[in-house]
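The values are calculated or read from the model by the stated rules, or taken from the named source; none is laboratory data. Since this is a predicted model, take the numbers as computed values, not measurements. Cβ placement follows ideal geometry from the backbone for every residue including glycine, while neighbour counts extend to all protein chains displayed. Surface accessibility is based on the protein's heavy atoms, side chains included, excluding ligands, DNA and RNA. Shrake-Rupley method; radii C 1.70, N 1.55, O 1.52, S 1.80 Å.
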Amino acid sequence: MSANEGWIGRRVQRREDLPLIQGKGRFAADLTMPDMVHMAVLRSPHAHARLLGVDTSKARELPGVFDVLTSADLDGIGEFPVLWQLPGQKASGIPVLARDKVRYVGEPVAAVVAVSRYVAEDALELIEADYDPLPTVVDVESALKAGAPVINEAWGDNVAIRHIVPGIDATGKAGDIDGAFAAADAVVKARFKINRFSGVPLETRGLVASHDPLTHGLTLWSSSQVAHKQRTQLASVLGVPESSIRVMTPNLGGGFGVKWDCYPEDALVCLFSQRLQRPVKWIEDRREHLMGTVHAREQVQELEAAVARDGTILGIRGKIWADLGAHIHSVGIGPAWVTGVSLTGQYRIKNYYCEVIGVATNKVPSSTFRGFGGPEATFATERLIEKAARAVGLDPAEVRRKNFIQPDEFPWFSAGGGVFDSGNYPAALEKALEEVDYDHLREEQAGLRAKGVYRGIGIGCYIHTSGFGPSFILGLVGYNTSGYEGSSIKVDPQGGITIYTGMIPLGQGTETTLAQVAADQFGVDFNDVRVVWGDTSQTPYTGFGSAGSRSNVAAAAILKAAEVVRDKSIRIGAHLLEAAPEDVVYENGGVQVKGSPEKRLTLGDVAKAAYLAHNLPKGELPTLEGTYVYDPAMFTIAFGCHVAVVDVDLETGEVKIVRYVVVDDSGTIINPLLVEGQIQGGVAMGLGGALLEEFVYDENGQLLTTSFMDYLLPSIHEVPHMELHQQVTVSPHTPGGFKGMGEAGMFSPGAALANAVSDALLPFGVEVDRMPITSNLVWSLLPKS
Amino acid sequence: MNTLHTVRLTVNGTAAEVMVEARKTLADALREDLGLTGTHLGCEHGVCGACTVLFDGNPVRSCLLFAVQAAGHEVGTIEGLARGDELHPVQRAFSEFHGLQCGFCTPGMILATVDLLEHTPQPSEDEIKEALGGNICRCTGYQKIIESVQGAAAAMASGLAK
Ligand code: FES
Ligand code: FES
């Protein structure tokens, strides 16, 4: 293999790093423009109140203030649409500024633009908003009570939707869920609570809007994961042609899903810029982020599993209540739907029934976050498996073995309606057990207990539906977005390669990864491939936008676009070499006649000829470029297994992670170094949610976690050493065999830790059925004697 | 409140002067008045460490200091670390060991590491954790940051040996 082949799979050092390690990155907060002014947003201090009026006169008089907006100024301005409109879901939308009513603490009520952020914030204090507080609902239980205050009056109650997922087989025939429970030797029941937490990137959201008086167009610099979708949504909210908006993305300091959504501030900076005819900047502060950027995950699940004596899981059924917050935000109900169709996990469970109920509460809207409903399902499924094992007296590893979908059973049609492409679930479990030395740990456990060491071993297997997804399927489930990625490849007259992608790098190393794929396909040096991203005026439209597990789709688009360009090179090259195209191959950075390596042209030679166009094959168009839009044929299912070994301190409830083993299988790997980084980062974030992170509200709907002193992110002390092992089962659907992997690490930490702590405390019959598993929680579950 | 104060300080070895309101933080003065945007703001309340700079050689949180407090002092930021085109070994190690993803925490991480290695050239894993315990990274899970610090320590030791 020559130096310029085989770029896929190489541990290439990232090209993104050089500016970032020198403080030369360009994040939204770093942008500045001549004449630029600064926005600040007044937010509701009430969780639920009538908004009787907003008096901005004093704020307008403050020197340095240029403009103030309230909902009264927004005639003709639309609402942000709900993107995931599951059939039967009640109508909703997000107003740019609250009108008549506020529904959560942090909801935007008015906005000010001033000469500096300091002055803009001074002005906020001069705005007088008049509220008439209303009773609040802060959890699904109270939101569903008869006579509960109704948050969205037009709905009549607080239920956004009741959606039923009936278990079906490959032909669409319903399973026999009642029969399964009637035939069970044991039934295990549980009530799980998944905490409200979120992506919380270290960089908050940031925007600079600039109105161009010459073109009457708008340029928005935005820390968005989804520039094209943001453009589409802004055009509809602002009522301007989509072609008049250009969205550009600078460096992003993480996204993790929360920057996938569009927000009121996106429209506000544009409106101000249009009104003032000057650039307007807004950088969210951390307090605003915690109360103004979407939350995620919160669910109550009541589930039961029917178990046979030999450990076979005959069926799962139950209900999920998703706490959506005050508005259906963007994909609002979507993650809970994903949970609702995913509870059979990687197991051959044929009988299934799940009801998903979306409930409004007076809290920050809940929406997109790494994992997207999957980790909530993993927690439940893996806890149920563990409980099932106890109920029939088998080892939990044994029960998993008994129920796994086998490697030769793909494609597998899950009872929730999913199609699984490929996998080797038993291999991932066995590898993890072997690495952790499971049998030895089990033997050791009793002896340790006798010595007062409460050691627990917890398994968390996962599957991750990545590469979201074929557009027609998104349509079927009411998801008003698409699954494709486009890529254009241009070879310039010198033979230099530039790829254009709609993907937006969030920090994963997208640029490096995609350049590797292109270098591989063209047989050129990785450093000779340029990647252009982050500008809707240059890059192909992306149906979905960036997410942690989308590089597989973008990589596939590049593979296909490269094919288009290589084919054209072959046609032109054959013509120049006076050979038949069938006799010419693309190899090692150029085209050559098969069997005659001396008859060869480099890509640069071909490009030069393609641009001069003096001598092209008949009917061939000049220049050398190609575009391909790849719509995934099917979902790709990544998978793996985590094993946590913990010691629990009975005095304090403290959980100490002794070992943490991860086996991940995400199909073909483009860059092992970056995959390790993604998995480790995902696991750490999963551990954060499992052990520490939670948005906490008091009974009046006041958010108590408004700083990093209260909302605890994992520090270097809390994240254990992760023993990471990679396996590869390719996807038969994606060109290249890629699967998505950026979200996978998130899935299992909650399940593995809850199982490990429950295992450690088995002698006391303690079951950890909620997150975060804080010392307080563990201590409160221990018998007090 | 709006009175401007003239503050003279040394930034990355060069004399600098800014005119700021008393309430302006050192971080904002570095970023806005001196154009040194490598100092990042992740929380503005002293928890995340993204805004770490060296203040008379010691790591401090520039979001918690007022610019006027820096009068007469020496401030080192990420922009001052490389010698021309030659990166500091800690910068090189962070890239080599993939100790950064989005890069938002990175300037603070790197400066905290530089300080650690100055005092403790061969730190144990616990010492690394102690030194970086106040710097949050949301992307990496820290493992590769620890490897980066160890890599930098090794590179600096062998550099000294040469
Ligand atoms: S910005 Fe200063 S510590 Fe977070
Ligand atoms: S690399 Fe993103 S926060 Fe550390």
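Details
- Single residue of the range B:6-32 satisfying the filter (part of a helix (DSSP H, G or I) and in contact (Cβ under 8 Å) with a residue 24 or more places away in the chain) that is nearest to ligand 2 (Cβ to nearest atom): B:A27
- Residue match in the range A:333-343 (condition: in a strand (DSSP E or B) and open to solvent by 10 Å² or more (accessible area, probe 1.4 Å)): no
- Residue that is open to solvent by less than 40 Å² (accessible area, probe 1.4 Å), in a strand (DSSP E or B) and either of a type in the set (F, W, Y) or within 25 Å of A:V258 (Cβ to Cβ) (or both), where the choices are A:G460, A:G469: A:G460
- When B:T77, B:T37 are screened for being open to solvent by less than 10 Å² (accessible area, probe 1.4 Å) and either modelled with pLDDT under 95 or facing chain A (nearest Cβ under 9 Å) (or both), only B:T77 passes.
- Any hit, the range A:492-509, residues being among the acidic types (D, E), more than 14 Å from chain B (Cβ to nearest Cβ) and in a helix (DSSP H, G or I): no
- Residue check, A:E651 in a strand (DSSP E or B), over 27 Å from the mean Cα position of the chain (by Cα), of a type outside the set (A, V, I, L, M) and surrounded by fewer than 24 Cβ atoms within 10 Å (Cβ to Cβ): no
- Looking only at the range B:1-21, and only at residues there that are under 19 Å from A:Y118 (Cα atoms) and within 11 Å of another protein chain (Cβ to nearest Cβ), the one that is most open to solvent (accessible area, probe 1.4 Å): B:M1
- Across the range A:252-277, the number of residues qualifying as surrounded by 19 or more Cβ atoms within 10 Å (Cβ to Cβ) and either part of a loop (DSSP other than H, G, I, E, B) or outside the structural domain of A:A110 (by TED's automatic domain parsing) (or both) comes to 12.
- Within the range A:139-188, tally of residues that are at positive phi and open to solvent by 50 Å² or more (accessible area, probe 1.4 Å): 2
- Test: residue in the range A:110-128 that is without any contact (Cβ under 8 Å) to a residue 24 or more places away in the chain, farther than 29 Å from A:W282 by Cβ and either open to solvent by 50 Å² or more (accessible area, probe 1.4 Å) or of a type in the set (V, I, T) (or both): no
- Selection status of A:P581, at pLDDT below 95 and out of contact with any Leu (no Cβ under 8 Å at 6 or more places or on another chain): no
- Matching residues, the range B:108-124, being in a helix (DSSP H, G or I) and within 13 Å of another protein chain (Cβ to nearest Cβ): B:G108, B:M109, B:I110, B:L111, B:A112, B:T113, B:V114, B:L116
- Which numbered condition A:T361 misses (of (1) buried (at least 20 other Cβ atoms within 10 Å of the Cβ); (2) in contact with a Ser or Thr (Cβ under 6 Å, 6 or more places away or on another chain)): (2)
- Scanning the range A:617-636 for residues that are open to solvent by less than 30 Å² (accessible area, probe 1.4 Å) and closer than 14 Å to A:H575 by Cα gives a single hit, A:P617.
- Residue within the range A:228-250 that is within 14 Å of chain B (Cβ to nearest Cβ), of a type in the set (S, T, Y) and outside any strand (DSSP E or B) present: yes
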